[in-house]
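Values quoted throughout were computed directly from the atomic coordinates according to the rules given, and no laboratory measurement underlies them. Model, not experiment: these values are computed from the prediction. For neighbour counting, all protein chains shown are included, and Cβ atoms are generated from backbone atoms with ideal geometry for every residue, glycine included.
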Amino acid sequence: MLTELWNDAEGGFHPASAPDFLPGSALREVQLRRLRAVVARAYKNVALFRSRMEERGLTPESIQSLADIQHLPFTVKTDLRDTYPFGLFASPMSDVVRLHASSGTTGKPIVVAYTREDVEVWSEVMARTLASCGLHRGDILQNAFGYGLFTGGLGAHYGGETLGATVIPISGGNTDRQIMIIRDFNVSALCCTPSYFTHMIERARELGVDLRELPLRIGIFGAEPWTDGMRRHIEAEAGIKAYDIYGLSEIIGPGVASECSAQEGLHLFEDHFYPEIIDPETGEALPDGEEGELVLTTLSKKAMPMIRYRTRDITSLITEPCACGRTLRRMRRIGRRSDDMFIIRGVNVFPSQVEAALLAVEGTLPHYRIILTRDQGLDRMAVEVEVTPEVFSDKIKALEDVRTRLAQAIEHILGIRVELRLVEPRSLARSEGKAKRVIDRRNEGK
Amino acid sequence: MKLQQLSLFLENRPGRLGAPLEAIAAEGINILTLSLADTAQFGILRLIVREWDKAKRVLEEAGWVVNLTEVVAVDLLDRPGGLAQALKILEGANLNIEYMYAFSLRRGDKAILIFRFEDPDRAIQVLLDKGLHVVDGDELMSFVS
């Protein structure tokens, strides 16, 4: 019966989307079966996971219900760094068909692996993502996510082909060509980062192209947080519906969760990724509806299972039924993270990386803050550093040298240009609790 | 023979110069001379004051980063070539000048310049050997009192 909905021009149902509509009880059964299998697999093949299980006196048999997941140890981003490059693989390299990588906390990338089956699951969840955003067979999808080590490009590409859409693998950049192809190829859907699309809107206007008059009707945006204000701006200026999608390389890439026609939270593809919300301070599980850190367990990953991976993203789960009919639980859009990580020009940046650079040059950690701005669609990063007695000199040249060395140390670690400003002592606001190190002004005025 | 100079870090934006000057004025400390070096983004205020230790304490308590540097005051003939002659002497002795600025007061036909040397002790020796007048702190203070 479900296949009768194939190619439904209204919202696009694809056979791959069937699990989106599973009754809750059937979904829980699938989850428990898969959870037990993935824990057994990780226990058998991943030394780090096995030793953490043994420390707690656990074996795979300890998992008798979904609630038992709370006894399992967390996995954190530094585990990927510490086992760089292949230490968390649960498959021999002969079964791995793909590697991707993304930036880590110390400049070393983290590596993620996929077996052929993993690529199939990824293609499926991305097809479900696109269907959930209203795409169907016959849509022309311009994929402006970056292709390469970044998971965005290839994830959306495989998902689009699985869905039966026509994929244009244009990748990011060359905005004038992007706009020409949107117009000349009758593109109906486009995916990229929301900030890049706002830049496309501006450029299209300069070129005299009115996006609202073109067939483009759907935008699929992810890989960075964006606001509802930005969504309204995009929808009004481009004459499209703009959807938020969520994913992270450590789990699979894009395809972990997606908005639907209701645009009220993102459905988690929880038949493959089991969500929990925890208190980021204590690690305790929080009841549904409460805000906390999202923790994900990959239920079907073969090459690199992640057990209770701490995403650092702050959200809450919505268990109420959704207007779209999907039974999958939703999470609220990510507004902030439990650490101060931010993404600039596709690079993940942690304030700790900036601190390491400042410390290396100055010997002590000065007060500093990071200011992010957006100028004509381009993100810029400035670092303000308070002058300390250690570096202060009565000579201009000596201070300019300090400024240059600080900027170079940061640029060396992050690989992106920063503007470094020396500021007066005590001029940066002190906070009572956790210092607010990052001022993000990129979405102001939108 | 050396003078103590105070240096302060300032951001290069309107109003930043006033605050430290007011802080020392409130303590009744008179500024004998000052120089301001600046870039597009920041500046360095250099001060010669009578009670430099008190001024330093006042400024530091108000939150400024204050640097103490020894500089040399030299009395030069206030006529064309007066400075050039002094510079020639310093150059001949391979003395490196980090920066210099003029003192705000004159004495008869003499002008006083403040020099920041890499090696102030050797600079003083060279200047004295060549018969130039190096003005010490007490003498400087006597002009303004």
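Pull out a ≥ b ≥ c, the square roots of the eigenvalues of the alpha-carbon gyration tensor of chain A, then state rounded if a/c is under 1.5, prolate if not and a/b is larger than b/c, and oblate in the remaining case. Judged from the Cα gyration tensor, chain A comes out oblate (a/c at least 1.5, b/c at or above a/b).
Where the alpha-carbon atoms of region B:71-135 are placed on the principal axes, they occupy 29, 18, 16 Å, in descending order. In plain terms, the residue of B:101, A:196, A:158 with the fewest other Cβ atoms within 10 Å comes first and the most crowded comes last, giving B:101, A:158, A:196. Candidate cross-link partners of residue B:130 among the lysines, defined by an alpha-carbon separation under 29 Å and a same-chain spacing of 8 or more, comprise A:395, B:2, B:88, B:110. Projecting the Cα atoms of A:343, A:133, A:216 onto the charge dipole of chain A, computed from C-beta unit charges around the Cα centre, puts A:343 farthest toward the positive end. A Gaussian network model of chain A, with springs between Cα atoms under 10 Å, assigns the largest mean-square fluctuation among A:160, A:265, A:283 to A:283. Of all the options A:372, A:190, A:141, the one that moves most in a Gaussian network model of chain A with Cα springs shorter than 10 angstrom is A:372. As an equivalent ellipsoid, region A:256-303 spans semi-axes of 20, 18, 7 angstrom, where each value is the square root of five times an eigenvalue of the C-alpha gyration tensor, largest first. Within the listed set A:288, A:139, A:313, the residue fluctuating most in the Gaussian network model of chain A (springs between alpha-carbon atoms under 10 angstrom) is A:288. Rounded if a/c is under 1.5, else prolate if a/b beats b/c, else oblate: with a ≥ b ≥ c from the C-alpha gyration tensor eigenvalues square-rooted, which is region A:367-446? Oblate is the answer for region A:367-446, as a/c is 1.5 or above yet b/c matches or exceeds a/b.
From its DSSP helices (H runs of at least four residues, each -39,500 (n - 2.57)), chain A gives a residue-normalised ellipticity at 222 nm of -9500 deg cm²/dmol.
Centre-to-centre separation between the Cα atoms of region A:319-386 and those of region A:117-155: 25 Å. Neighbour counts of C-beta atoms inside 10 Å place B:87, B:8, B:47 in the sequence B:87, B:47, B:8, starting with the fewest. Pairwise alpha-carbon distances in chain B exceed 20 Å for 49% of all pairs. Using a cut-off of 16 Å between alpha-carbon atoms, which lysines can reach residue A:77, once sequence neighbours fewer than 8 places away in the same chain are excluded? Reachable lysines: A:108.
Database remark: amide H of residue A:344 closer than 5 angstrom to the amide H of A:349 (H placed geometrically; neighbours at sequence offset of 5 or more, or on other chains; Pro and chain starts carry no H). Straight-line cross-link partners of residue B:56 among the aspartates and glutamates, defined as a Cα under 15 Å from its Cα and at least 8 positions apart when in the same chain: A:394, B:22, B:27, B:70.
The Rg/Rh ratio of region A:120-183, with Rg taken over Cα atoms and Rh as the Kirkwood radius over Cα pairs, comes to 0.98.
Across region A:303-308, coupling constants 3J(HN,Hα) worked out from phi with the 6.51/-1.76/1.60 Karplus curve, θ = phi - 60°, read 5, 8, x, 10, 9, 6 Hz, and Gly and Pro carry x. As a rough footprinting exposure proxy, the listed residues A:368, A:147 were ranked by other beta carbons within 10 Å of their own, and the order from fewest upward is A:147, A:368.
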